[in-house]
Amino acid sequence: MNPGDRVRVDRADQTYEGVLLPSSTAENLVVKLESGYNVGIDREAAAVEVVESDVYAVEDAQDTGGESEVEFDENLPTISLISTGGTIASTVDYRTGAVTAQFDAEDVLRAVPDLAGRANYRGRVVANILSENMTPEVWQDLADAVREEIEAGADGVVVMHGTDTMQFTASALAFMLDTPVPIVFTGSQRSADRPSSDNVMNAVCAVEAAKADCAEVLVCMHAGESDDVCALHRGTRVRKNHTSRRDAFETVGSEPLGNVDYEREEVTFRRDHVERGEQDLDLAPDLETDVELVKFTPGTSPAMLEAAAEDAEGVVIEGTGLGHVNTDWIESIDALTDAGTAVVMTSQCLDGRVCDRVYDTGRDLLDAGVVEGEDMLPGTAKVKLMWALANTEAVADAMQEPLAGEITDRSVPWT
């Protein structure tokens with residue numbers, strides 16, 4: 001039997017029928033089922049029957065020739081593809097059935113042929129990790145790599161990133177970098193072997209956004225469940241609001257900054273933004289990593305805050321409503337600020353602005369030295385505080401000043 005044959009595989013009490021695919025190991029069979037999903041099967045434990053030979057022409061997955069060759073066209077812009085790992089740059093390990101990050105940037109070009117002819121591409125790998133393993137140190141490596149790519153002449157940068165922590169990394173780069181070109185994060189909720197994968201459309205739309213005129217840090221993901229439009233979210237205002245939907249990402253407090261029409265290949269923006277070439281390239285990569293994010297819920301002891309904040313240079317609290325905690329916390333907060341720890345209050349509500357001047361608890365928090373986080377998302381506030389502590393002298397002032405679109409002018413209903 002050869003890749004491309006239709007086979008019937010019996011294993012234990014189950015029968016699988018589909019097209020035999022190349023396998024990364026001699027010990028496993030890989031079969032693409034009629035549903036479009038792939039299944040990995042232990043060869044020794046299975047009985048295989050070839051139902052029909054040469055149903056499909058399947059290229060050997062190992063026969064890639066080493067490097068992909070991408071022709072240079074002087075009439076096209078140059079887009080740098082930077083891989084950090086994640087589902088968009090992942091495949092399936094058929095020994096375990098788990099999705100693993102193992103593709104580099106050149107593999108992305110092979111996996112998404114639709115990228116051809118849209119730009120000249122340069123690729124580099126900064127990390128090869130799943131996004132739950134992302135760290136501030138990798139943010140710094142990534143920011144430095146982006147700076148180098150722009151200095152080398154890239155007209156735009158696309159960062160391939162896992163979706164679970166993409167909003168944190170996008171925020172970090174938004175604070176660390178002043179950029180004259182677009183920096184577009186994209187990912188995939190569903191791996192390429194699944195029939196409902198969103199990797200192709202997200203990658204194509206991200207490249208189109210990287211060729212456009214918005215020189216900000218953006219997140220490009222599906223705008224809806226259909227394969228028609230990708231939304232462009234400002235990196236400091238976006239949040240992953242669903243575990244698995246393809247349109248999991250949303251701009252909090254407003255509509256997305258822009259859209260990419262997949263079929264028409266049109267990029268449009270609905271609000272003011274930094275234009276291409278408007279600002280000079282600059283990098284401020286320093287971060288204070290001893291910053292914690294603490295969520296208050298009813299019944300939570302102030303001892304948890306004290307333990308989390310021990311030796312911390314900064315703390316972001318995710319409070320209730322307008323930015324409140326139990327009054328039992330105020331004494332601990334006062335002690336933290338007296339010791340020089342920056343304490344920033346945000347809200348666990350999905351929308352709206354912190355205002356600690358309305359109720360007694362809020363005024364007591366202000367007296368204790370809490371800095372109001374305006375309408376920043378808690379995760380964004382943590383990243384910003386890490387950056388502000390390392391790069392500014394007046395941290396409280398910096399936290400209340402919009403630096404990268406993380407704070408809106410005012411909070412108004414938009415739906």
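The values are calculated or read from the model by the stated rules, or taken from the named source; none is laboratory data. On a predicted model such as this, the values are computed, not experimentally measured, just so you know. Reconstructed Cβ throughout: ideal geometry from the backbone, glycine too, with neighbour counts over all protein chains shown. These area figures cover heavy atoms from the full protein model, side chains too; ligands, DNA and RNA do not enter into them. Shrake-Rupley method; radii C 1.70, N 1.55, O 1.52, S 1.80 Å.
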Check on V315, closer than 24 Å to D286 by Cα, in contact (Cβ under 8 Å) with a residue 12 or more places away in the chain and buried (at least 16 other Cβ atoms within 10 Å of the Cβ): yes
Cβ-Cβ under 6 Å pairs, at least 6 apart or on other chains, region 208-226 side under 15 Å from D247 (Cα atoms) and among the aromatic types (F, W, Y), far side open to solvent by 20 Å² or more (accessible area, probe 1.4 Å) and modelled with pLDDT of 95 or more: none
Among (1) without any contact (Cβ under 8 Å) to a residue 12 or more places away in the chain; (2) part of a helix (DSSP H, G or I) - the single one E306 does not satisfy: (1)
Checking V184 against (1) in a helix (DSSP H, G or I); (2) closer than 25 Å to A119 by Cα; (3) hydrophobic (A, V, I, L, M, F, W, C), the condition it does not meet: (1)
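Go through I407, I330, I317 for me and flag whichever is β-branched (V, I, T) and under 22 Å from the mean Cα position of the chain (by Cα).
Testing whether each residue is β-branched (V, I, T) and under 22 Å from the mean Cα position of the chain (by Cα) leaves just I407.
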Number of the condition not met by T320 [criteria: (1) surrounded by fewer than 18 Cβ atoms within 10 Å (Cβ to Cβ); (2) in contact (Cβ under 8 Å) with a residue 40 or more places away in the chain; (3) β-branched (V, I, T)]: (2)
Condition check for S254: surrounded by 14 or more Cβ atoms within 10 Å (Cβ to Cβ), of a type in the set (S, T, Y) and under 20 Å from the mean Cα position of the chain (by Cα): yes
Qualifying positions in region 336-361 - at pLDDT below 95 and in a helix (DSSP H, G or I): D360, T361
Residue satisfying condition, being among the hydrophobic types (A, V, I, L, M, F, W, C), modelled with pLDDT under 95, open to solvent by less than 30 Å² (accessible area, probe 1.4 Å) and under 30 Å from G323 (Cβ atoms), within set A309, A284: A309
Qualifying residue in region 330-351 (condition: free of Cβ contacts under 8 Å to residues at least 24 places away in the same chain, closer than 27 Å to K240 by Cα and either surrounded by fewer than 18 Cβ atoms within 10 Å (Cβ to Cβ) or among the β-branched types (V, I, T) (or both)): no
Residues (open to solvent by less than 40 Å² (accessible area, probe 1.4 Å), farther than 27 Å from D164 by Cβ and either in contact with a strand residue (DSSP E or B) (Cβ under 7 Å, 6 or more places away or on another chain) or not small (G, A, S) (or both)) located in region 364-391: L365, G369, V370, V371, E372
